[in-house]
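Single-structure report; data block below.
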Amino acid sequence: MKECYLNGDYVDLADAKVSVLDRGFIFGEGIYEVIGVHSRKPFALSLHLERLDLNLSEMGLSNPLSSEAWSSLISNLISRNGCVFGTIYIQITRGKAPRNHEFPKASCPTVFVMISESAAKTELEKVIAITAEDERWRGCHIKTTSLFANTRLRNLATSKGAAEAILQYDGYLTEGASSSVFIVSNDGVIYTSPLDSNILPGITREVVIRLSASMGVPVIQEKIAISRLRTANEIWLTNTSFGIRCVSRLDEGIVGDGQQYEVAQRFHKQLSIEKGIMP
């Protein structure tokens with residue numbers, strides 16, 4: 001039986017219970033974080049905890065644990081579940097309170113952490129994507145649990161046989177429904193959209209940007225007209241769960257030659273080395 005952490009205790013996941021009056025359930029008032037586990041170690045933990053702290057501040061919540069306490073909790077959960085590869089899911093809500101649109105003057109946050117195991121991803125995956133209008137609220141930089149707009153767009157993609165919806169707002173690329181987006185031009189230059197309220201500051205996005213500097217292949221952050229994706233040599237999707245994926249087909253068109261992805265291969269290999277997946 002898998003164990004999770006709930007409000008100070010380690011319990012069987014199947015037995016974990018939260019009040020129906022929890023504001024995360026009633027209003028979707030919660031922040032979440034997903035952290036990759038590779039060779040029994042959390043990847044880019046300090047970046048994830050920094051983002052968690054910023055997002056809690058955006059919601060007007062204090063972080064219930066110190067960085068040291070989070071690190072200990074996560075290590076314990078990995079050990080208790082014997083996880084080698086997978087993801088850690090953290091969710092913090094405003095907690096239980098009478099239903100009222102005003103924030104409660106005092107409440108105890110609900111803190112929930114669980115682990116999901118998966119196989120190590122050593123091969124660079126190629127997927128199909130579609131483009132779609134970004135219909136989400138203009139606070140997408142906050143990693144809130146209110147994800148209906150994202151799940152709706154993701155399911156629009158899957159209904160069309162695609163793995164992801166790449167979103168546009170006012171004719172410009174924002175991000176994927178559950179990923180960050182990079183493009184590589186025909187001359188080998190990498191681009192991604194600059195962070196603003198329409199874009200989640202993805203951790204894998206940040207890791208890729210940092211790797212690019214050490215690899216001598218800088219990433220240019222600028223507004224990208226959605227039309228530029230039609231002529232890109234490569235399109236990448238990044239997130240914690242899968243790392244880097246390449247888009248081989250966008251809507252009805254093939255991306256680049258649909259085969260090589262030479263730049264993505266280099267970054268996938270380096271990212272795998274950083275994670276301890278490849279020597």
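The values are calculated or read from the model by the stated rules, or taken from the named source; none is laboratory data. Note that the structure is a prediction, hence the values are computed from the model and not measured. We place every Cβ from the backbone using ideal geometry, glycine too, and count neighbours over all the protein chains shown.
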> Among the strands (runs of 3 or more DSSP E) contained in the range 1-71, which hold 1 or more residues that are small (Gly, Ala, Ser) and over 28 Å from residue 275 (Cα atoms)?
Replying inline: 30-38
> Using beta carbons and a limit of 6 Å, which pairs, at least six apart or on different chains, have the first residue in the range 187-208 and over 22 Å from residue 138 (Cβ atoms) and the second one not polar (S, T, N, Q)?
Replying inline: 190/182; 190/184; 190/219; 191/183; 191/220; 191/224; 207/44
> Within the range 63-100, can you find the residues that are free of Cβ contacts under 8 Å to residues at least 40 places away in the same chain and either more than 21 Å from the chain's Cα centre (by Cα) or more than 18 Å from residue 240 (Cβ to Cβ) (or both)?
Replying inline: 63, 66, 67, 68, 69, 72, 79, 82, 100
> If residue 182 satisfies every condition in (1) surrounded by fewer than 21 Cβ atoms within 10 Å (Cβ to Cβ); (2) under 15 Å from the mean Cα position of the chain (by Cα); (3) of a type in the set (Phe, Trp, Tyr) but one, which is the exception?
Replying inline: (1)
>> Looking only at the range 237-255, filter to residues that are free of Cβ contacts under 8 Å to residues at least 60 places away in the same chain and farther than 19 Å from residue 38 by Cβ; which one of those is surrounded by the most Cβ atoms within 10 Å (Cβ to Cβ)?
In response: 255
>> Please pick out the residue among 102, 68 that is in the same structural domain as residue 53 (by TED's automatic domain parsing), acidic (Asp, Glu) and at pLDDT 95 or above.
In response: 68
> If you check 166, 142, which single one turns out to be crowded, with 19+ Cβ neighbours inside 10 Å and touching a residue at least 40 places away in the same chain (Cβ under 8 Å)?
Replying inline: 166
>> Given (1) out of contact with any Asp or Glu (no Cβ under 8 Å at 6 or more places or on another chain); (2) in contact (Cβ under 8 Å) with a residue 40 or more places away in the chain; (3) closer than 15 Å to residue 116 by Cβ, identify the lone condition not met by residue 58.
In response: (3)
>> Checking the condition crowded, with 16+ Cβ neighbours inside 10 Å, touching a helix residue (DSSP H, G or I) at 6+ places or on another chain (Cβ under 8 Å) and under 19 Å from residue 202 (Cβ atoms), which residue from 124, 56 passes?
In response: 124
> Among (1) surrounded by fewer than 15 Cβ atoms within 10 Å (Cβ to Cβ); (2) under 17 Å from residue 203 (Cα atoms), which single condition is residue 37 missing?
Replying inline: (1)
> Looking at this structure, is residue 161 farther than 23 Å from residue 58 by Cβ, loosely packed, with under 15 Cβ neighbours inside 10 Å, in contact with a helix residue (DSSP H, G or I) (Cβ under 9 Å, 6 or more places away or on another chain) and assigned by TED's automatic domain parsing to the domain that holds residue 255?
Replying inline: no
>> Regarding the range 214-227, can at least one residue be identified that is more than 23 Å from residue 140 (Cβ to Cβ), β-branched (Val, Ile, Thr) and at pLDDT below 95?
In response: yes
> Is at least one residue of the range 85-102 in a strand (DSSP E or B), of a type outside the set (Val, Ile, Thr) and on the phi > 0 side of the Ramachandran plot?
Replying inline: yes
